[in-house]
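Visitor: Take this structure, written in structure tokens, and hold onto it; I'll ask about it next.
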Amino acid sequence: MGLPKYEPMTDEEFMEWVAVQPGRYEFVNGYPLEMMAGAKQDHAVAASNILTSLAPSAKNKGCRVTGSDTYVLAGGNRRLPDVVVDCGPKDSNATHATGPTVVVEVLSDSTNAIDHTDKLDDYQSHPDIRVVLLVDPSHVSVKAYRRVDATWVPERYEDLADIIPLPEISASLALVDIYDTLDPKPRFKAIDLNPGS
């Protein structure tokens, strides 16, 4: 992703414009922002694994799980998470998730900083979103942000035996399923060189 190189436009103008573009774009602060093409395979596999794992439970709850072509309207912007669990009303003509409940960003070197700051802020401003997952596909590391009343509570999962509870959609997500067929490294952990001091 780079700096804006387009003229500012309204959301309606953006949707007309993006409909005839060959690439994928988010709409951020009044400008189209082209998404990076050619994600690494581990990024795509992790996103696919998450979508596949969540779909059955979400369907039982009346929700839909979609991939990276579903917009989430948040913070005045149109974001494209890697996975969205949409529990809002079904609308075949909608250009965005009508009730995003869980959103997932699979991290990459080029988007890591934005995913942890701007996108996270946008998602946390959306009244329907209950959980935001930030998944590192190269290391066993998932950061979950869960809305508890008016507060966002961070949770960290760093072991393949961990299971992320998602009661918001009557589901759970096992890290072993996220990293299925991948070869993630353990997350680096600092060692206390002075235990007991």
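The values are calculated or read from the model by the stated rules, or taken from the named source; none is laboratory data. Given the structure is predicted, the values throughout are model-derived calculations rather than measurements. With ideal geometry, Cβ positions are generated from the backbone for all residues, glycine too; neighbour counts draw on all protein chains shown. Each accessible area value is taken on the protein alone, full model and side chains, heavy atoms only, with ligands, DNA and RNA left out. Shrake-Rupley method; radii C 1.70, N 1.55, O 1.52, S 1.80 Å.
Visitor: Using only the alpha-carbon atoms, how far is helix 41-60 inclined from the longest principal axis of the chain? Give it as 0 to 90 degrees, nearest 10.
Guide: Tilt relative to the chain: about 80 degrees.
Visitor: What number, rounded to the nearest 500 deg cm²/dmol, is the helix-based mean residue ellipticity at 222 nm of the chain, given -39500 (n - 2.57) per DSSP H run of at least four residues and division by all its residues?
Guide: Calculated from helices alone, the mean residue ellipticity at 222 nm is -5500 deg cm²/dmol.
Visitor: Let me ask another. In the stretch 1-87, which chymotrypsin sites (Phe, Trp or Tyr not before Pro) are in a loop and have at most 16 other Cβ atoms within 10 Å, using DSSP for the loop call? All intermediate terms of the calculation are to be shown ahead of the outcome.
Guide: Values: sites: TYR6, PHE14, TRP17, TYR25, PHE27, TYR71; in loops: TYR6.
Within the stretch 1-87, the qualifying chymotrypsin sites (Phe, Trp or Tyr not before Pro) (loop, at most 16 other Cβ atoms within 10 Å) are TYR6.
Visitor: Name the shape class, rounded, prolate or oblate, that the alpha-carbon gyration tensor gives for the stretch 1-71, where a ≥ b ≥ c are the square roots of its eigenvalues, rounded holds for a/c under 1.5, and otherwise prolate holds if a/b is larger than b/c and oblate otherwise.
Guide: On the way: a/c = 3.25, a/b = 1.72, b/c = 1.89.
Oblate is the answer for the stretch 1-71, as a/c is 1.5 or above yet b/c matches or exceeds a/b.
Visitor: Taking only Cα atoms of the chain, what ratio of Rg to Rh do you get with Rh as the Kirkwood inverse-distance radius? Walk me through the numbers on the way to the answer.
Guide: On the way: Rg = 17.4 Å, Rh = 17.6 Å.
Rg divided by Rh gives 0.99.
Visitor: Might you report the magnitude of the Cβ-based charge dipole of the chain about its Cα centre, with Lys and Arg at +1 and Asp and Glu at -1, to the nearest 20 debye? Walk me through the numbers before you get to the answer.
Guide: Numbers: 18 positive and 30 negative charges, 80 e Å.
Charge dipole of the chain: 380 debye, to the nearest 20.
Visitor: How much accessible area per residue does the stretch 88-166 have, in Å², with a 1.4 Å probe?
Guide: Values: 3620 Å² over 79 residues.
The answer is 46 Å² per residue.
Visitor: Shifting gears a bit: Take the residue pairs LYS59/LYS119; LYS119/LYS185; LYS59/LYS90 and return only those whose Cα atoms are more than 22 Å apart. Walk me through the numbers before you get to the answer.
Guide: Details: LYS59/LYS119 26 Å; LYS119/LYS185 25 Å; LYS59/LYS90 12 Å.
Beyond 22 Å: LYS59/LYS119; LYS119/LYS185.
Visitor: Taking the Cα centre of the stretch 53-100 as origin, sum charge times position over the Cβ atoms of Lys and Arg (+1) and Asp and Glu (-1), and report the length of that vector in debye to the nearest 20. Before the final figure, lay out each step's value.
Guide: Values: 6 positive and 4 negative charges, 24 e Å.
It works out to roughly 120 debye.
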